[in-house]
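**Student:** Dropping the structure in here first, questions after.
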Amino acid sequence: MIDLRVEEGGDSLVELRRLLERAEGYRAANRAEPGTGAKVGTEHGLPARHVKLLALMDAAASGDVDRGRTILAELEADDPRWRDSVRAFALLPDAPPLREILG
């Protein structure tokens, strides 16, 4: 179930469709097989920074520490708070093994 609301207006249905497609894209990426999240995110037109986060999760799931560190460095170059976010993700029970990437 997805709960979406938009203000009434000339483009309400267009905006509702856009939001629904975005929500379905996030859902598909979150439910993707390990190692395929970034591909699914890209296919669904998710924002580039979220696709990059998905690529980091994919690298962790596949054990590609070097790639994961490269992606984390790119995220941190954009915003240093990404490291804290990834640390928080690493604590989740279903998270891929991010600790080695974090170093």
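Taken together, the values in this text are just the output of simple stated rules run on the coordinates, not laboratory data. Computed from a prediction, not measured in an experiment: that's the story for all the values here. Note that we place each Cβ from the backbone using ideal geometry, even for glycine, and neighbour counts take in every protein chain shown.
**Student:** Counting only other residues whose beta carbon sits under 12 Å from that of residue 16, what net charge do I get with K and R as +1, D and E as -1? Let's see the in-between values first.
**Tutor:** Details: positive: 5, 17, 18, 22; negative: 3, 7, 8, 11, 15, 21.
Cβ neighbours under 12 Å give a net charge of -2.
**Student:** What is the sum of charges, Lys and Arg at +1 and Asp and Glu at -1, for the other residues whose Cβ falls under 12 Å from the Cβ of residue 39?
**Tutor:** Values: positive: none; negative: 33, 43, 58.
Neighbourhood net charge equals -3.
**Student:** Which one of 55, 73, 29 has the biggest mean-square fluctuation once the chain is modelled by GNM with Cα springs under 10 Å?
**Tutor:** 73
**Student:** Same structure again: Name the residue, out of 74, 43, 15, whose mean-square fluctuation peaks in a Gaussian network model built on the chain with Cα pairs under 10 Å.
**Tutor:** Maximum among the listed residues: 15.
**Student:** Any chance you could give the angle, 0 to 90 degrees and rounded to 10, that helix 12-30 forms with the longest Cα principal axis of the chain?
**Tutor:** With both axes taken from Cα atoms, the answer is about 20 degrees.
**Student:** Which value, to two decimals, describes the C-alpha radius of gyration of the stretch 12-102 once divided by 2.2 N^0.38 Å?
**Tutor:** On the way: Rg = 13.8 Å, N = 91, 2.2 N^0.38 = 12.2 Å.
My calculation over the Cα atoms of the stretch 12-102 gives 1.13.
**Student:** Still on this structure: Tell me, in nm to one decimal, what length is gained between residue 23 and residue 92 on full extension, where the rule is 0.36 nm per residue of separation less the Cα-Cα distance? It would help to have the intermediate numbers written out before the result.
**Tutor:** Working: separation 69, 0.36 × 69 = 24.84 nm, distance 2.18 nm.
The residue 23-residue 92 span can extend by a further 22.7 nm.
**Student:** With the chain treated as a Gaussian network of Cα nodes joined by springs under 10 Å, which of 93, 47, 34 yields the largest mean-square fluctuation?
**Tutor:** Largest GNM mean-square fluctuation: 93.
**Student:** Still on this structure, I have one more. Cα centroids of the stretch 1-19 and the stretch 51-103: how far apart, whole angstrom?
**Tutor:** Taking the Cα centre of each part, the stretch 1-19 and the stretch 51-103 sit 33 Å apart.
**Student:** How much length, in nm to one decimal, is gained on full extension between residue 50 and residue 78, taken as 0.36 nm per residue of separation minus their Cα-Cα distance?
**Tutor:** Details: separation 28, 0.36 × 28 = 10.08 nm, distance 1.23 nm.
Extending this stretch completely gives an extra 8.9 nm.
**Student:** Using Cα pairs closer than 8 Å and at least 6 residues apart in sequence, work out the relative contact order for the chain, in percent.
**Tutor:** Details: 106 pairs, mean separation 17.8, N = 103.
The normalised contact order for the chain reaches 17 percent.
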